[in-house]
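Notes follow the structure.
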Amino acid sequence: MTPGSGIIESSMSDSPRAELIKLETDRRLGHEWDEWDGSPLPRNGDFDSPPKLFFLWSAAATAVGLAILFGVLWLLRPHLASIHPLLVTGTTVAVATLAVLAWTWWALLGASYLLKRPLLPARLAERGLYLRLMSWTSRVASRFGRRDWVENASVKVYNALALIRARKVNTGELLLLVPRCLSRDALDGVLAVAKRYAVPVFVATRGQLARRVIKERRPRAVVAVACERDMVSGLHDVAGKVPVLGLVLKLPSGPCKDTVLDLVQLEDWVKAYVA
Ligand code: SF4
């Protein structure tokens with residue numbers, strides 16, 4: 001059974017080896033929260049973080065990635081040398097060049113964000129390479145228990161980059177994608193915004209369905225709402241295919257239940273796309 005919040009019942013039989021632990025959930029968890037143990041989330045599920053946090057962690061993640069690459073190269077040196085001595089020099093130069101390119105790209109990304117100017121093509125920024133950096137940084141941060149904060153910052157940077165290039169679309173061409181975990185009030189607020197701008201809304205019961213509706217409806221732009229975890233994996237899968245702006249949720253009741261969002265920000269995102 002999927003772990004979640006709620007009562008933990010433990011029934012012990014006479015045999016000390018037979019133990020049944022049953023977790024009763026009062027919610028259906030998204031798979032991103034599979035490991036949640038039911039304890040309250042820090043800061044009531046508000047992971048608001050400054051964008052600079054992403055740049056710090058992404059620099060660390062880039063350094064880790066390059067260190068792994070150099071480590072593998074070091075281990076392979078004897079083997080490469082036994083094949084041909086020039087192979088060691090060639091691969092060392094290739095990895096060193098990759099390192100220079102990676103840091104140059106990272107610096108240009110930072111400059112694009114700070115100057116609010118598209119210094120990189122979309123495929124090398126928010127609709128391509130940036131999404132990979134975001135996922136890798138998230139994996140590194142999760143090792144240190146900082147995943148949600150770093151993802152929050154990374155979505156902010158993503159949105160800033162996406163807004164630099166945001167195009168106007170007709171109302172019917174924009175799709176508003178919201179998760180099933182919204183509180184009643186939050187959902188009412190979303191529907192009111194959608195009605196005001198005549199934008200279709202899709203309530204996604206699973207991340208896979210959200211991806212499918214994008215494939216089938218082929219919107220020209222999407223405003224998506226999700227928690228940081230679902231947002232980062234969703235952007236990774238979808239933002240390369242269609243322009244997306246992402247609004248992250250707050251989780252005052254824990255994950256996947258009665259979540260809330262900033263409706264003013266949602267309306268701003270909708271206005272950013274709708275002509
Ligand atoms: S968006 Fe909502 S339902 Fe989906 S994983 Fe996040 S908290 Fe759970």
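The values are calculated or read from the model by the stated rules, or taken from the named source; none is laboratory data. What you see is a predicted model; the values in this text were computed from it and never measured. When we count neighbours, we look across all protein chains shown, and the Cβ atoms used for this are built from the backbone with ideal geometry, even at glycine.
How many of the residues making up the range 166-187 are within 16 Å of the ligand (Cβ to nearest atom), acidic (Asp, Glu) and within 24 Å of the chain's Cα centre (by Cα)?
The qualifying residues number 0.
With respect to the numbered conditions (1) assigned to a helix (DSSP H, G or I); (2) surrounded by 15 or more Cβ atoms within 10 Å (Cβ to Cβ), which one is the sole condition not fulfilled by Arg127?
Here Arg127 clears every test but (1).
Would you check which residues across the range 33-88 are in a loop (DSSP other than H, G, I, E, B) and either among the aromatic types (Phe, Trp, Tyr) or within 16 Å of the ligand (Cβ to nearest atom) (or both) and list them?
Selection gives Asp34, Glu35, Trp36, Asp37, Gly38, Ser39, Pro40, Leu41, Asp46, Phe47, Asp48.
Among the numbered criteria (1) farther than 20 Å from Gly45 by Cα; (2) in a loop (DSSP other than H, G, I, E, B), which single criterion is violated by Pro255?
(1)
Taking only pairs six or more apart or across chains, which ones have beta-carbon atoms under 6 Å, a first residue in the range 201-218 that is of a type in the set (A, V, I, L, M, F, W, C), and a second residue that is assigned to a helix (DSSP H, G or I)?
Note: pairs meeting the criteria are Val201/Ala194; Phe202/Val213; Ala204/Ala210; Ile214/Val238.
Here is a list of conditions, (1) surrounded by fewer than 19 Cβ atoms within 10 Å (Cβ to Cβ); (2) modelled with pLDDT under 95, and Pro179 meets all of them except one; can you say which number that is?
Going through (1) surrounded by fewer than 19 Cβ atoms within 10 Å (Cβ to Cβ); (2) modelled with pLDDT under 95 one by one, Pro179 breaks only (1).
From the set of residues in the range 212-222 that are part of a helix (DSSP H, G or I) and more than 16 Å from the ligand (Cβ to nearest atom), which is nearest to Arg139 (Cα to Cα)?
Start the filter on the range 212-222 by keeping residues that are part of a helix (DSSP H, G or I), which leaves 212-217.
With more than 16 Å from the ligand (Cβ to nearest atom) added as a condition, the list becomes 215-217.
Values: Lys215: 27, Glu216: 30, Arg217: 31 Å.
For the range 212-222, the residue satisfying everything is Lys215.
Before we move on, is Val190 in a helix (DSSP H, G or I) and within 16 Å of the ligand (Cβ to nearest atom)?
In short, yes.
Cβ-Cβ under 6 Å, sequence separation 6+ or interchain: first residue in the range 48-61 and in the same structural domain as Met134 (by TED's automatic domain parsing), partner among the basic types (Lys, Arg). Which pairs?
Matching pairs, first to second residue: Pro51/Lys156.
Answer with yes or no whether Val225 is within 11 Å of the ligand (Cβ to nearest atom), over 25 Å from Arg167 (Cβ atoms) and touching a strand residue (DSSP E or B) at 6+ places or on another chain (Cβ under 6 Å).
Taking the combined requirement at face value, the residue does not satisfy it.
Could you pull out the residue among Asp230, Asp268, Asp262, Asp237 that is closer than 24 Å to Phe54 by Cβ, of a type in the set (Asp, Glu) and more than 16 Å from the ligand (Cβ to nearest atom)?
Asp268
Of everything in the range 223-252, what is assigned to a helix (DSSP H, G or I) and without any contact (Cβ under 8 Å) to a residue 60 or more places away in the chain? Give them in sequence order.
Hits for the range 223-252 are Gly234, Asp237, Val238.
Which of the residues spanning the range 182-209 are among the polar types (S, T, N, Q) and surrounded by fewer than 14 Cβ atoms within 10 Å (Cβ to Cβ)?
Result: Thr205, Gln208.
Considering the range 138-176 alone, what residues qualify as being at pLDDT 95 or above, within 20 Å of Gly234 (Cα to Cα) and part of a loop (DSSP other than H, G, I, E, B)?
Arg146
Scanning the range 223-255 for residues that are charged (D, E, K, R) and more than 17 Å from Ser138 (Cα to Cα), which turns out surrounded by the most Cβ atoms within 10 Å (Cβ to Cβ)?
Lys250
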